[in-house]
Each structure stands twice: as structure tokens, then as C-alpha cells.
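J.: This is the structure, below, for whatever I ask next.
The values are calculated or read from the model by the stated rules, or taken from the named source; none is laboratory data. Everything numeric in this text was worked out from a predicted model, so none of it was measured. Each accessible area value is taken on the protein alone, full model and side chains, heavy atoms only, with ligands, DNA and RNA left out. Shrake-Rupley method; radii C 1.70, N 1.55, O 1.52, S 1.80 Å.
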Amino acid sequence: MKSNVKAKWIETLESGRYRQGHDQLKIPGTKNTKAKYCCLGVLCNIYMKETGKGKWHSDGYFLLGDIEEETELPRTVKEWAGLNRTNPRININGESHDISELNDGHIFLKRRSFKEIAQLIREQIPG
């Protein structure tokens with residue numbers, strides 16, 4: 001992963017500026033609530049701010065040209081970030097998991113906070 005993108009992603013996840021959401025890149029806010037993001041949705045937002053490309057659909061899909069993505073990074077964002085997968089893998093207790101699984105949790109894997117995910121990115125994603 002590109003070191004400058006990695007640093008920005010970690011900093012943003014640790015900043016507390018984003019509310020964490022689950023099961024899709026972005027869960028749109030309502031009149032009374034702010035939007036929530038998965039850790040990959042945060043990276044999409046960084047991509048938008050850095051490049052001026054992409055936008056969020058009102059349903060929470062990330063739109064980039066004619067490509068829309070709900071749960072993983074679009075290929076263009078993956079390449080911009082210098083990642084080798086649209087859903088990077090992280091090792092937990094000797095098992096490899098998609099980073100979105102750590103964000104969302106499931107029956108056999110507890111959800112991790114943005115700060116915990118940031119630490120795992122720092123330790124395990126080269127860049």
C-alpha cells in the first residue's frame with residue numbers, strides 16, 4: 001500500500017470524525033443522524049477528497065463512473081491506494097479475514113472498532 005495513503009487512512013480511522021457502520025461502505029444519514037461508514041468507506045472518502053473523483057449515491061453506494069460498489073473498494077480506489085485486493089486481508093489469531101469482516105463482525109468474529117482496525121492496518125498492511 002502507498003505509505004502516504006496508509007498514513008492518511010490510519011489517521012482518519014483514529015480521528016473520531018467518522019461514525020462506524022456495518023455491512024456496506026456507507027449508511028446514509030437521516031435528517032436527525034449522521035452517515036456511518038465501514039473502514040473501506042472511509043478509504044473511499046479519502047480517495048474522493050484527494051482526487052476529486054467519485055460520489056456517494058443516496059442509498060450508500062460509491063459511484064465511480066459507471067461502476068457502483070456497496071461492500072468493497074472499486075478497483076480504481078484499490079489501485080490508487082496501492083492495495084493488492086479490493087478487501088485487504090488481516091490475520092487474527094492465525095486466521096486470515098477480509099478487513100470488512102473485522103469491521104462488520106459475524107458469529108465467529110467480533111467487530112473491531114476503527115481504532116483497532118487502524119492498529120491492524122499499521123501492523124499488517126505493508127506500506
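J.: So who's got an amide H within less than 5 Å of the one on residue 21, skipping anything under 5 residues away but keeping other chains? H placed 1.01 Å off N, in plane.
T.: Those lying under 5 Å, H to H, from residue 21 are 37, 38.
J.: In terms of the Cα gyration tensor, with a ≥ b ≥ c the square roots of its eigenvalues, is region 85-127 rounded because a/c is under 1.5, prolate because a/b exceeds b/c, or oblate?
T.: Because a/c hits 1.5 or more and a/b exceeds b/c, region 85-127 counts as prolate.
J.: Pairwise over distinct Cα atoms, reciprocal of the mean inverse distance: report the Kirkwood radius of region 58-122 in Å, one decimal place.
T.: With all distinct Cα pairs of region 58-122 included, I get 13.1 Å.
J.: Quick query: amide H of residue 71 versus all other amide H atoms, modeled in the peptide plane; which residues come in under 5 Å with a sequence gap of 5 or more or a different chain?
T.: Those qualifying (amide H under 5 Å, at least 5 residues apart or on another chain) are 25.
J.: If you don't mind, there's one more thing I want to ask. Among the listed pairs 6/49; 2/55; 26/49, give every one whose C-alpha distance is greater than 20 Å.
T.: 2/55
J.: Additional query: Given the DSSP H assignment, sum -39500 (n - 2.57) over each helix run of at least 4 residues in the chain and divide by its residue total; what's the result at 222 nm in deg cm²/dmol, nearest 500?
T.: -11500 deg cm²/dmol
J.: While we're here: Please give the direction-averaged projected area of the C-alpha convex hull for the chain, in square nanometres with one decimal.
T.: One quarter of the hull surface, i.e. the mean projection, equals 7.7 nm².
J.: Computing the accessible area with a 1.4 Å probe over protein heavy atoms, can you report the carbon and sulfur percentage for region 39-127?
T.: Here it works out to 44 percent.
J.: Assuming a ≥ b ≥ c are the square roots of the Cα gyration tensor eigenvalues, decide whether region 1-53 counts as rounded (a/c under 1.5), prolate (otherwise, with a/b larger than b/c) or oblate.
T.: Because a/c hits 1.5 or more and a/b exceeds b/c, region 1-53 counts as prolate.
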